[in-house]
Structures are given as C-alpha cells and as structure tokens.
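Report on the following structure.
The values are calculated or read from the model by the stated rules, or taken from the named source; none is laboratory data. Quick caveat: nothing in here was measured; it's all calculated off a predicted structure. Neighbour counts run over all protein chains shown; Cβ positions are idealised from the backbone, glycine included.
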Amino acid sequence: MKFRKLTVLFAVLCIAALLSAPTTANAYPDRPITYIIGWATGGGSDLVSRVLCAEAEKHLGQPIVIVNRPGGSGAKAYVEISQARPDGYTIGNTTGTISTHKFMGVIPIGHEAFEVVITFNSDPGALWVKKDAPWKTLEEFVEDARKRPEEIVVAASNPGSITRLGLQLLEVKEDIKFRIASQAGGESAGPGLVAGGHVDACQAAPVTAKSLYDAGEIRPLGVQSEVRVDAFPEIPTFMEQGYDVVMHNTRQILAPKGTPKEVVDKLYQAFKAATKSETFVKFMNESGSMILDWDQQKSTEFLTAQDEQFKELLQQVGLYKEAK
Amino acid sequence: MLLAALETVFTLKMIALIFGGSALGIIVGALPGLSATMGMALMLPVTFYMPPSEGILMLLGLYTGAVFGGAYSAILLNIPGAPPSVMTSLDGYPMSQRGEAGRAISLATVGSTLGGIAGIIALIIIAPILARFALRFGPAEYTVLAVFGLSAIVAVSGKSLARGFAGVSLGVLLSTVGMDHFTNISRFTFGSIELMSGINFIPVVIGLFGLAEVISQILETAKEGVIYKTIKHLFLSRSDFLKVLKGFLPASFIGIVIGVLPGAGGTIASIISYNQAVQSSKEPEKFGTGIPEGIIASETANNASVGGAMVPLLTLGVPGSSPAAILLGALLIHNLRPGPILFTTQPMLINTIFIGLMVAQFSLLLWGFATAKIAPWILAVRREVMLPAIALLCVVGSFALKNSFFDVGIMLVSGIAGFFLNKLGVKPGTVILGLILGPMFENNLRSTIEISGIAPVFTSPICIVLWILTAIMILYPICRMLRLKKCESE
C-alpha cells in the first residue's frame, strides 16, 4: 500500500514538474518559489527566514517552499542558487560568509555571482564580560589587554567566522592581542562560558547574548554597529567610545545572476513588506536583531565594501587564500 | 494562579492540540531522518497565528512525542528513528525479533512517560538551582563528560572488548572528517564541500542499524521469518512493571542532569543511562539480547531529558537542545523572552507550560498503549515486501535530513560496512558511540587547552567527580570478571 501511494505521489510530482515550464515575468509568480537555506533546520538563519517567508508569501500570492541545504557555512547553498535557472523561482539567503568564502579558498564565487534581492537583517558584533568583571568600560578592557598581551581569554567562534573577525579587527586597529578561544559550536556558546566564569569575555551578537544579558549574568562593553541598536538603546557603540571598529553580520536574499529586473523588483517589494509586518518586527525586536530593507543597489554597494574590508582583514590575520 | 492555568489547559481545544501535537511528534520521531527539531521548525509558522499558550503547548506535545516516537522504528525495524533512541534498539529490536514487539513498545511507553514526568517535576521544583549547575559546565567539564560517556564502551561492545574499542575508534576516526573549527583546515574532505561539514551521524545510524539488518536478512535466507506473538497483557505484566519501577529512578536522574547541560542532550543521556544499567545489573551479559531493563534505561532517560532541557531555556533563556532552540523562537514571536523575568512577569504562562508538559506525558501513555497491539502487525508483513520497504525508508530517511544524495551514499556505505562489521563481531553501537562522543571530546579538550592549558580537566571539582565515576564504570566490571574467574577456579 505504502509503495503504491509513494509511486502515485512520485508520478504526480513528475507531471507537476513537467507542466511548470518557464513563465513570463508579468505572471510571476504563478507557482511556488523555492527558498534555499544553507544552514540546518532550527538555526538562526533558518528561524529568521521562516518567519520572513511566512509573511512574504502573503504578498507574492504563492507559497515559498523552504529547503535546507546545510554545508560549508552556506557554501553549498550559494553554489546551488548560483547554478539555478534565473527565473525567480529559486532564491535563498546569505550571511557574511558570502564575503569570506571566496577569500578563504572555499568557493570561487561571492555576491557578484548573484542578483541581490534585499538585505533584511544585520547583527553587529559586541563584546561581553561577566557581571562582576573588573572592566567597566571598553577602554579599561583594551588598555588592560595592552598591558597583558595574550592573557585575557575571549571566546569567539572559529577562525574566519564573522564573529572572530570582529574581535580581530579590534586587535588589528589597537595593536593588541587577546587569547582567543575557538568555539566549535559557533558564537552561541560564548555568553554561557562568560556567565559561568570559564572565559574572561566573549564576542557575540546581541541577539545571541540577550538572554543572559537580560538575566543579569553578563554585561556589554560595546556594540560594533555605526549607531546604537534599536533593541538595546543603552549599549554604547565602539565608535562613540573612540574605537573605529564596525563589524556586521548581514543577511541578504539572493537570486541567480540574470534573474529579470521585474522579478527581482517584485521579490524586493514582497520581502520589504514582510520586514514591516507585525509578526516579523515583533520577532526581531524580541530577539534583539536589527531589521534592514536595503534594495539591490544599496545591498550591492554594501557587499562590495564588505568584500574589501574582509579581504584586507583576512590577509592581516593570515587566512587569505585564493579560491580555485 | 495554578487553578487558572489548569483551566487554560483543560479545555477541549488545548487537550486536542497537545494530543494532536504528540501524535504528530511520534510520527516524525518514528520516521528515520525526520527529527524533533525538523518537525518543530516546520510547525513554527503555524503557531504564529495561535495565542501563545496554544502554540507553545502544541510544540511541547510535538517535542515530547518526537523523543518517544524514535522508539517505534528502533524496536520494530532496528532503525533508531531519532538519535536519542539509538540505545533503545539494542534491546528493543532483539525483543521484537522474539515476537514480543508489543511488550517492547509498552515498556518504552511506560518508561518514557515516567521519565518525562520526573523531568517535569525536577523542572518545576529545582529549575533555578539546576540552571546554575549547567553554567558551571565549561569545556573542561564537557571533556570529561565525554570520557565518562565513552566508558559505556564496556556496556555496548558485547562479548569482545577489543572489538568494542575497534568500533569506537572507527567512529572517532569518522568524526574527524570535515572542517576543523580551530584551525580552519579541512580534514579528509578531498576537496568536497559536502564533507566540509563532516559526516552526519544520522545517515550512519540508519545505515549501520537499518540497512545492515536488511542485507543480513536477505543473505541469511535460512533464518526464519519474524514471528509475531500477540501480547497477552493489555499493558504490562506485573514483573515488567516492577522492572520499570526499579530502573526508573537512576534513569530519570541521569536524564534530568544530562538534559540540563546545553552541550549534551537526550542521546548522551540515554548512552550514560544504558551504561549505568548494565554496570549495576547482576546479569550484565544479558543486555543486548532483548531484555526489558535495556529499553527502560534508554527510554526513561531520553524522555526525562526533555524536562531537563527546558530548565536552562526557561530560567536563563539558553536552549539546552536544538528543539528547545525552536521553542525559544516560538516564545520570541509572541513577545515572550525566557529568563528569570518570565517567571515573575508571566507566572500564568509558566504554569500553563508546566501543566501542558505534564499532559503531554499522559498523551504518550494513550498513544503508546493504543499502538502497542497494532504496531507489531507491521512485522507480520511478508519479507519480500517488508525488506525493500525498509530499504526504501532508509534511503528516503537519509535523504530527508539535508535533502542531500550525498547522505544517501553515506547511508549505503555504512549499511554495507555495518553488515561486515556485524560479521566480525563489532557492534554498530560502538561506532555510533565514537561518532557522537569523539567530537565532543576533541572540541572541548582543544577549547580547554586554548583557554588555560590542560590543567582544569584534572583539577576542576566537577571533573574530579566525573573521573571517579568513569573509573568506577570501567573498574567495576573488570573486578567482577576477576571475581567470577576466581570463583570458577575454586
């Protein structure tokens, strides 16, 4: 019985695939859109995308089917999206790794191999210490690190991650050295390690650290955005404390290169409306994440600048590698 | 307040949502490749349009059901449907091969329900204390916890300890494949992006257990078809129930403690609990042959870990497992930030969660007993139909995980390898043990060394306790063996 049902299902799917020939843009979208996430179900990129897509499909009039293809911090998904038919029926999301993979020899492509639909979210880096730590300000922390090179232990993800680059940018600009502890599980382990007194500090986005910050276990020294984050008006930026350190992990939606302009525009309008929806705004504010709605031009300008920044930084920390 | 919460939960709609959620969870859990995390992530958008209590309770039902559901496929097909049921298959499958599948499911049901209830009681009573305890676990503590888990090698290797070590080493070796998080160097990836994120252990589990069993059944045609006996008792026989009660306390204790730790979870809880059950048993050699104690140890512990995982989530906002991370997302959508503040600002919601979780445990009892008689019918299906169907399920399950044919390949290779390993007397459980605990040991050890050198692994109080427990787990069976030999020679 099970067999027969599966066979029928398979046959129906095949016919559906055959019938869905390429369509013109004015009818777009007339069938479901596939949204590829390069990270596992339940991760940060996954949750935020699911909330966003649930809203965007209302404006597109077609369901958005989410497909997770985790692998190589998004690398597998980037390659797949770039090779999909440029008709707007295959899209997917990025993180900052779109600007690191190509400079670390992971995959040869970056944002220029795509049409960027929208930049919808940014999570700036931030530095956190335990509630009763001796450092009251970022300046005290940096000056102490200058006196004691490689002694202050800071937890910060794996080498080449955006989290770690944010910390290393501070090292490079101030010519100081921390003792950086890698976390195989990414930045999410950091705040717990700080609260438990296992490390002196951690680099993690406010969205990651918010719970333990709200619980009063850890305390921020500064956030690496240009302006203060809406959800945390009390946390000063690095800039206003006199440190020229800006580091964001942004998320974009990508479509394959050559996707018609009308289609990209239509997607942009739908996702822009989704970023303004009540559910999405509530979710992002409560998580402590920043909402953006940059269009293709602004996103491309940002990514081009980010490429330059990351390339230089990766060269400085010795991780730069030409992609094959 | 408690009364008001009771009123919220005990409405027809709420009860239906919890029971429906847990039924869905059981299906998700029973299908290999579909996990609790996945089921909950897929249902998450649906909860946007429900009031917070309804959405959260449905997800809680789903979570509870999914952790339990894995037991079905572990018992009936020898494919652990979800990682926490790996240990369940060790005794569950042999038992069902004897024709006692109904008994195995009943045991798993009662064990899971009791474990789940114990977990929730711990959550209600000592949540804040447990949360502090979880924070004290740093990389050094997790390193030794992994060693402690590895001491289960004695329990899962069967007759030959040497072959057990071989199996674990193979597992550890496989776990080193992928991008090294500390140096960003790819290990054994041969330039493949697929291998960069390592070998996922779920397709390996499906292959080693499920497909290997299919191959051996095809080749060993002389073997009799599966016998199916109806169970005589509606629920559990008296003696089985007493065994459940006996195994319940240590298993739920282990489940709660391990569940609380954000770096561990249900799978590791069931490994450690199974090991403890073997070591404290008078007849350790009977484990793995299909005895009730094995099923009880594994299923009670993994369901107790659900309550445990909720502790850091609700008190500190730190999710103790990936499904708990999705619950965090669901709470956030409704403007609810877990943490100590939630207890004071939303006591009503917290009470509703507690009561809802409790109801979810009882839904397991209903679904478990309702299916204990029906589910084993699947074994009465003729082998010519059954075996290809299981093989297909293995393929679909390993594909579904990441939508990746590469994982199907991993499953096929593991299946063939598993068949030969079985022939050589290497138990598949040992490979899985290495695959799960290898990275936990390596990553945490290296992290400890990066932070402060190796010293804390031997000096931190929690580590010392764990070392002592490990020593007991390893030395006790050896002493017993020596004593037995002495008796025999006299």
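Here is how the numbers come out for the structure above:
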{"item": "Residue within the stretch B:421-429 that is touching a residue at least 12 places away in the same chain (Cβ under 8 Å), of a type outside the set (A, V, I, L, M), part of a helix (DSSP H, G or I) and touching a Leu at 6+ places or on another chain (Cβ under 8 Å) present", "result": "yes"}
{"item": "Unique residue being over 26 Å from B:SER197 (Cα atoms) and either within 14 Å of chain A (Cβ to nearest Cβ) or at pLDDT 90 or above (or both) when the list is B:VAL431, B:VAL408, B:VAL457, B:VAL395", "result": "B:VAL457"}
{"item": "Any hit, the stretch A:31-40, residues being among the small types (Gly, Ala, Ser), in a loop (DSSP other than H, G, I, E, B) and surrounded by fewer than 24 Cβ atoms within 10 Å (Cβ to Cβ)", "result": "yes"}
{"item": "Filter result for the condition that a residue is in contact (Cβ under 8 Å) with a residue 60 or more places away in the chain, out of contact with any helix residue (DSSP H, G or I) (no Cβ under 7 Å at 6 or more places or on another chain) and not acidic (Asp, Glu), over B:PRO52, B:PRO94, B:PRO84", "result": "B:PRO94"}
{"item": "When residues of the stretch B:33-77 are limited to those that are part of a helix (DSSP H, G or I) and among the polar types (S, T, N, Q), the one surrounded by the fewest Cβ atoms within 10 Å (Cβ to Cβ)", "result": "B:SER53"}
{"item": "Selection from the stretch B:143-172 of residues that are free of Cβ contacts under 8 Å to residues at least 40 places away in the same chain and within 14 Å of chain A (Cβ to nearest Cβ)", "result": "none"}
{"item": "Considering residues of the stretch B:173-185 that are among the polar types (S, T, N, Q) and modelled with pLDDT under 85 only, the residue farthest from B:ILE449 (Cα to Cα)", "result": "B:ASN184"}
{"item": "Output for the stretch B:14-32, where each listed residue is surrounded by fewer than 24 Cβ atoms within 10 Å (Cβ to Cβ) and in a loop (DSSP other than H, G, I, E, B)", "result": "B:LEU31"}
{"item": "The stretch A:57-81, subset among the small types (Gly, Ala, Ser) and in a helix (DSSP H, G or I), residue nearest to B:SER192 (Cα to Cα)", "result": "A:ALA75"}
{"item": "Subset of the stretch A:29-49 that is over 14 Å from the mean Cα position of the chain (by Cα) and modelled with pLDDT under 90 - its residue that is farthest from B:SER321 (Cα to Cα)", "result": "A:THR41"}
{"item": "Strands (runs of 3 or more DSSP E) wholly inside the stretch A:133-251 that include at least 3 residues being more than 10 Å from every other protein chain (Cβ to nearest Cβ)", "result": "A:201-203, A:218-223"}
{"item": "The one condition in (1) touching a residue at least 12 places away in the same chain (Cβ under 8 Å); (2) away from chain B (no Cβ under 11 Å); (3) farther than 23 Å from A:LEU47 by Cα that A:TRP294 fails to fulfil", "result": "(3)"}
{"item": "Every residue from the stretch B:155-169 that is over 21 Å from B:ASN444 (Cβ atoms) and buried (at least 17 other Cβ atoms within 10 Å of the Cβ)", "result": "B:ALA155, B:VAL156, B:SER157, B:GLY158, B:ARG163, B:GLY164, B:ALA166, B:GLY167"}
{"item": "Identity of the residue in the stretch B:455-468, surrounded by fewer than 17 Cβ atoms within 10 Å (Cβ to Cβ) and of a type outside the set (Val, Ile, Thr), that ends up farthest from B:LEU445 (Cα to Cα)", "result": "B:PRO461"}
{"item": "B:ILE355 within 14 Å of chain A (Cβ to nearest Cβ), β-branched (Val, Ile, Thr) and in a helix (DSSP H, G or I)", "result": "no"}
{"item": "Flag if A:SER157 is at positive phi and surrounded by 21 or more Cβ atoms within 10 Å (Cβ to Cβ)", "result": "yes"}
{"item": "Output for the stretch B:152-194, where each listed residue is in a loop (DSSP other than H, G, I, E, B) and on the phi > 0 side of the Ramachandran plot", "result": "B:GLY158, B:ASN184, B:PHE188, B:PHE190, B:GLY191"}
{"item": "Residue within the stretch B:134-142 that is closer than 28 Å to A:SER188 by Cα, of a type in the set (Lys, Arg) and either without any contact (Cβ under 8 Å) to a residue 60 or more places away in the chain or not in a loop (DSSP other than H, G, I, E, B) (or both) present", "result": "no"}
{"item": "Residues being in contact (Cβ under 8 Å) with a residue 60 or more places away in the chain and more than 7 Å from chain A (Cβ to nearest Cβ) - total across the stretch B:325-348", "result": "7"}
{"item": "When residues of the stretch A:160-185 are limited to those that are more than 24 Å from A:ASP214 (Cα to Cα) and either among the acidic types (Asp, Glu) or free of Cβ contacts under 8 Å to residues at least 24 places away in the same chain (or both), the one surrounded by the most Cβ atoms within 10 Å (Cβ to Cβ)", "result": "A:GLU171"}
{"item": "Tally of residues being assigned to a loop (DSSP other than H, G, I, E, B), closer than 29 Å to A:GLY197 by Cα and touching a residue at least 60 places away in the same chain (Cβ under 8 Å) across the stretch A:95-132", "result": "2"}
{"item": "Yes/no for B:GLU450 being within 14 Å of chain A (Cβ to nearest Cβ), part of a helix (DSSP H, G or I), more than 26 Å from the chain's Cα centre (by Cα) and not small (Gly, Ala, Ser)", "result": "yes"}
